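> Let me begin by handing over the structure; questions about it come next.
The values are calculated or read from the model by the stated rules, or taken from the named source; none is laboratory data. None of these values were measured; they are calculated from a predicted model. So basically every Cβ, Gly included, is an ideal-geometry build from the backbone, and we count neighbours across all protein chains shown. Areas reflect the complete protein model, heavy atoms only, side chains present, ligands, DNA and RNA absent. Shrake-Rupley method; radii C 1.70, N 1.55, O 1.52, S 1.80 Å.
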Amino acid sequence: MVQPEVVWQELVRAEHDAAWARFYRCFHWRREYERGKGAAILEPILSVTWSIAHAFGPQREELETDLNVKMHRALRRCTKPDLRLLVLDWQHTCYWFWPQRFADPTVREAWKVPVLPDSDYYIFLAEDFGFGLFGHPWEKTLCVFGQELLTVLDQGRPQLLAKRERVRQDGKPIF
């Protein structure tokens, strides 16, 4: 019998601790973020942060499905078939994720960690941290960083990430 390919693999304790330590170092994350005090991470150059507050209204299911499908497509285009992403979920299980092996991004329950940050910080990162997503549940924002991922998203941007909803670019407020 052929074993199915692993799509989500739980990080072992050493990987978990090393991933969070590196994330803290690279992004200067402030878990104690206060509203109106700026971004919770040092948002990299080549990043765009969108407000996603409107996702939590009556169109939530439609907007979340569109976000999942288009973000999955973008992550697949940015990774080779054998490459995995690091997926961090604050205070919960963290994973390695192979987007090339993920069959149906429309099924919300298939996402061990969702893209839409509805109750916790959700972070998707290339292993080299060259691109990724940082979802902030209280600020209700999604930061996308890395030139390749931003370029791919521009070719098929989720409805939720409309130009008018941009709040920061390269870590600087957009007025």
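> For segment 1-18, what are the residues that are over 15 Å from TRP98 (Cβ atoms), modelled with pLDDT of 95 or more and part of a loop (DSSP other than H, G, I, E, B)?
The answer is VAL12, and nothing else.
> Now for a separate question. Out of everything in segment 131-161 that is in a helix (DSSP H, G or I) and among the charged types (D, E, K, R), what residue ends up being surrounded by the fewest Cβ atoms within 10 Å (Cβ to Cβ)? Write out each step before concluding.
Just the residues of segment 131-161 that are in a helix (DSSP H, G or I), to begin with: 147-154, 159-161.
Checking the rest, the ones that are also among the charged types (D, E, K, R) come to 148, 154.
On the way: GLU148: 15, ASP154: 11.
Looking at residues that are in a helix (DSSP H, G or I) and among the charged types (D, E, K, R), I get ASP154.
> Select from segment 134-149 the residues that are closer than 14 Å to GLY171 by Cβ and touching a strand residue (DSSP E or B) at 6+ places or on another chain (Cβ under 6 Å) and list them in ascending order. I'd like the intermediate steps shown before the answer.
So the first thing to find is which residues in segment 134-149 are closer than 14 Å to GLY171 by Cβ, and the list is 134, 136, 139, 141, 143-146.
Result: PHE134, THR141, CYS143, VAL144, PHE145.
> Looking at this structure, is GLU62 crowded, with 21+ Cβ neighbours inside 10 Å and more than 13 Å from the chain's Cα centre (by Cα)?
Numbers: crowded, with 21+ Cβ neighbours inside 10 Å: no; more than 13 Å from the chain's Cα centre (by Cα): yes.
Considered against the rule, which asks whether it is crowded, with 21+ Cβ neighbours inside 10 Å and more than 13 Å from the chain's Cα centre (by Cα), GLU62 comes out as no.
> Go over the candidates LEU149, LEU85, LEU125, LEU133 one by one and state the one that is closer than 24 Å to VAL6 by Cα, in contact with a Gly (Cβ under 6 Å, 6 or more places away or on another chain) and of a type in the set (A, V, I, L, M).
Result: LEU125 is the single residue among LEU149, LEU85, LEU125, LEU133 that is closer than 24 Å to VAL6 by Cα, in contact with a Gly (Cβ under 6 Å, 6 or more places away or on another chain) and of a type in the set (A, V, I, L, M).
> Further question: Output the qualifying pairs, or none if there are none: Cβ atoms under 7 angstrom, residues six or more apart or on different chains, first residue in segment 17-42 and closer than 16 Å to PHE131 by Cβ, second residue assigned to a helix (DSSP H, G or I) and at pLDDT 85 or above.
Every condition considered, the pairs that remain are ILE41/PHE27; LEU42/PHE27.
> Among the numbered conditions (1) at pLDDT below 95; (2) loosely packed, with under 12 Cβ neighbours inside 10 Å; (3) part of a helix (DSSP H, G or I), tell me where ALA21 comes up short.
(1)
> Does segment 154-173 contain any residue that is closer than 17 Å to TRP98 by Cβ and either touching a Leu at 6+ places or on another chain (Cβ under 7 Å) or touching a residue at least 40 places away in the same chain (Cβ under 8 Å) (or both)?
no
> Another question about this same structure. Output yes when any residue across segment 65-83 is more than 13 Å from the chain's Cα centre (by Cα), closer than 21 Å to LEU153 by Cβ, open to solvent by less than 50 Å² (accessible area, probe 1.4 Å) and among the acidic types (Asp, Glu), and no when none is.
Yes, segment 65-83 contains at least one residue that is more than 13 Å from the chain's Cα centre (by Cα), closer than 21 Å to LEU153 by Cβ, open to solvent by less than 50 Å² (accessible area, probe 1.4 Å) and among the acidic types (Asp, Glu).
> Here is a further query. Does ASP118 meet the test of being in contact with a strand residue (DSSP E or B) (Cβ under 7 Å, 6 or more places away or on another chain), in contact (Cβ under 8 Å) with a residue 60 or more places away in the chain and charged (D, E, K, R)? Steps first, please.
Numbers: in contact with a strand residue (DSSP E or B) (Cβ under 7 Å, 6 or more places away or on another chain): no; in contact (Cβ under 8 Å) with a residue 60 or more places away in the chain: yes; charged (D, E, K, R): yes.
Judged against the criteria, ASP118 is not a match.
> Give segment 84-107 a look and list any residue that's hydroxyl-bearing (Ser, Thr, Tyr), open to solvent by 50 Å² or more (accessible area, probe 1.4 Å) and under 19 Å from PHE134 (Cα atoms), or say none.
Answer for segment 84-107, where residues must be hydroxyl-bearing (Ser, Thr, Tyr), open to solvent by 50 Å² or more (accessible area, probe 1.4 Å) and under 19 Å from PHE134 (Cα atoms): just THR93.
> Go through segment 146-165 residue by residue and tally those that are under 12 Å from the mean Cα position of the chain (by Cα) and under 16 Å from PRO117 (Cα atoms).
Qualifying residue count for the region: 0.
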